[in-house]
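*Asks:* Mind looking over this structure? Questions follow.
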Amino acid sequence: MTETSTAMPRRAHPVITWLRSRDAVLVGVLLLIILIASLALPRFAGPVTVGYLLLNAVPILMIALPMTLIIITGEIDLSVASIVGMSTATIGSLTLAGWEFLPAAGAAVVVGTLGGVLNGVLIAFLGLPSLAVTIGTLALYRGLTLVFIGDNSVSSSSYPPEFAQFINLKLGATGIPAVILIVLAFVIMFSVVLHLTPFGRGLYALGYSKDAATFVGIKVARSKFWLFVASGFVSALVGVYWALYYSARSDSATGLELTVIAAVLLGGVSIFGGRGTVVGAITGVLIISVINYALRLQRVPEVVLIIITGTLLIISVVAPSVVDAVRRRRASTRSRRSLPQGTARGDHGVELSTTAHQEKE
């Protein structure tokens, strides 16, 4: 009589597990796009191109971090671009009024953060839907932007040159901007919060089920509130960056929220909540940034870039649903094939013995 082995199956190495994940696939897609762009466009692989590409990607990279956490909870923030514009307009208008740059930048950060606080109060404590609230504040903050700065345009040359020089400072001959180090610090911070803290794990639970999250002791309202405050704060910082790198105008950052959401969803964050990673979101941002910049080098019209971004957004929403439907269909087919002969499955998934049914008749 032989003994049956009861040994537990070996767990795959963490590296192998990651290589099988969606994040790894996205990183591979990003590297492939970079390779194709480098071969097709001789200027693309140069340090100058790398510098401009990353500087243009900084606003999207920064805002994508809190947006990832918000969407994981099943919410959304459509007002981020308007908060960027409002913060930028605050700096520009105060500079025109004779303020020094640092106090003006501090006021801009406060204004943008208060915008996030208002979103958080309406959504977390009053229980209003985030989609409706942030559509409203999108219009409100954009209107305030116009009130603050009017038809004026304040260029980056209006600010102290040392700040603009820091924005354009590169790390040696690599072409990588030094400001990317600040972005990297934010990426690490948000990654730790989401993946290594009870608060971050609670966000996944909140995305799956608000009632279940409340049952296990997660402070749902407080968690949502601080996420929207963080979104306002980060968007305000991006507003300061926007003023230094571009200019302060009433239409600053218009449409930026579309690119951010498209990148986050492309990175594997589920629009229904409960799923996603910071690495995936950042990879999605870089994929869209590389595609857009490569097409700009080919002098592709801006309207075409908007169409491409919208198409990627639709694909990011539809593709996961299609994949899940295919998987469920395959699993259902396999389960039916594994049933014993003479067994049928009822309409509600209840297995019925055809033999017993015949005997009952």
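The values are calculated or read from the model by the stated rules, or taken from the named source; none is laboratory data. This structure is a prediction, so every number in the text was calculated from the model and none was measured. Positions of Cβ are generated from backbone atoms using ideal geometry, with glycine treated the same way; all protein chains shown enter the neighbour counts. Just the protein is used for accessible areas: all its heavy atoms, side chains included, with ligands, DNA and RNA removed. Shrake-Rupley method; radii C 1.70, N 1.55, O 1.52, S 1.80 Å.
*Asks:* How large is log10 of I(q)/I(0) for segment 69-146 at q = 0.12, 0.13, 0.14 Å⁻¹ when the intensity is taken from the Debye formula with one equal scatterer per alpha-carbon?
*Replies:* Values returned for q = 0.12, 0.13, 0.14 Å⁻¹ are -0.36, -0.42, -0.47.
*Asks:* Quickly rank 320-331, 63-74, 292-303, 201-212 as a protection proxy: mean count of other C-beta atoms within 10 Å, highest first. Could the numbers behind the result be given before it?
*Replies:* Numbers: 320-331: 11.0, 63-74: 26.0, 292-303: 13.9, 201-212: 16.9.
Result, highest mean Cβ count within 10 Å first: 63-74, 201-212, 292-303, 320-331.
*Asks:* Using 7 Å Cα-to-Cβ label points, what is the V193/R328 separation (nm, one decimal)?
*Replies:* Label at V193, label at R328, 3.3 nm between them.
*Asks:* Tell me the carbon and sulfur percent of the accessible area for segment 205-306, rounded to whole percent, probe radius 1.4 Å.
*Replies:* Numbers: 2670 of 4180 Å².
For segment 205-306, the apolar C and S fraction of the accessible surface comes to 64 percent.
*Asks:* May I ask you to order 274-282, 28-36, 53-61 by the average number of other C-beta atoms within 10 Å around their residues, highest value first? Show your work: numbers first, answer last.
*Replies:* Details: 274-282: 23.4, 28-36: 13.6, 53-61: 21.3.
Packing order, densest peptide first, comes out as 274-282, 53-61, 28-36.
*Asks:* Alpha carbons only, please: Rg and Dmax for segment 23-171, in angstrom.
*Replies:* 18.9, 54
*Asks:* Over all distinct Cα pairs, what is the inverse of the mean 1/r for segment 257-330, reported as the Kirkwood hydrodynamic radius in Å? Provide the component values of the computation, followed by the final result.
*Replies:* Working: mean 1/r = 0.0771 Å⁻¹.
For segment 257-330, the Kirkwood estimate is 13.0 Å.
*Asks:* With θ set to phi - 60°, apply the Karplus curve 6.51 cos²θ - 1.76 cosθ + 1.60 along segment 141-153 and write out the HN-Hα couplings as whole Hz, x wherever there is a Gly or Pro.
*Replies:* Per-residue couplings from phi come out as 5, 5, x, 5, 4, 5, 5, 5, 10, x, 8, 6, 9 Hz.
*Asks:* Can you tell me the accessible area per residue over segment 80-201, all protein chains present, probe 1.4 angstrom, in square angstrom?
*Replies:* Numbers: 5890 Å² over 122 residues.
Spelled out: the 1.4 Å probe surface of segment 80-201, per residue, equals 48 Å².
*Asks:* Which whole-Hz ³J(HN,Hα) couplings does segment 113-123 yield from phi under the Karplus relation 6.51 cos²θ - 1.76 cosθ + 1.60, θ = phi - 60°, glycine and proline marked x?
*Replies:* With coefficients 6.51, -1.76 and 1.60, one gets 5, 4, x, x, 4, 4, 4, x, 5, 5, 7 Hz.
*Asks:* Cα extents of segment 104-195 along the three principal axes, largest first, in whole Å?
*Replies:* Result for segment 104-195: principal-axis Cα extents of 51, 44, 19 Å.
*Asks:* Once neighbouring chains are kept in place and the probe is 1.4 Å, which whole percent of the accessible area of segment 75-160 is contributed by carbon and sulfur?
*Replies:* 72
*Asks:* If packing is taken as the mean number of other Cβ atoms within 10 Å per residue, what is the order of 144-151, 118-125, highest first?
*Replies:* On the way: 144-151: 17.9, 118-125: 21.0.
Sorting 144-151, 118-125 by mean packing, highest first, produces 118-125, 144-151.
*Asks:* I'd like the per residue volume of the convex hull spanned by the Cα atoms of the chain, given in cubic angstrom.
*Replies:* Values: hull volume 79.6 nm³, N = 361.
Output value, Cα hull per residue: 220 Å³.
*Asks:* Okay, moving on. Nearest 0.05, what FRET efficiency do I308 and S38 give at R0 = 30 Å with Cβ-Cβ as r? Before the final figure, lay out the partial values.
*Replies:* Values: r = 19 Å, r/R0 = 0.65.
Result of the calculation: an efficiency of 0.95.
*Asks:* Out of every Cα pair in segment 171-222, what percent are spaced more than 13 Å from each other? Present the calculation step by step, with values, prior to reporting the outcome.
*Replies:* On the way: 861 of 1326 pairs.
Taking all Cα-Cα pairs of segment 171-222, the fraction more than 13 Å apart is 65 percent.
*Asks:* Could you please tell me the mean projected area of the C-alpha convex hull for segment 165-312, averaged over all directions and given in square nanometres to one decimal?
*Replies:* 10.6
*Asks:* Given a Förster radius of 51 Å and the C-beta distance between A319 and L96 as r, what FRET efficiency does 1/(1 + (r/R0)^6) yield to the nearest 0.05? It would help to have the intermediate numbers written out before the result.
*Replies:* Details: r = 47 Å, r/R0 = 0.92.
Efficiency for this residue pair is about 0.65.
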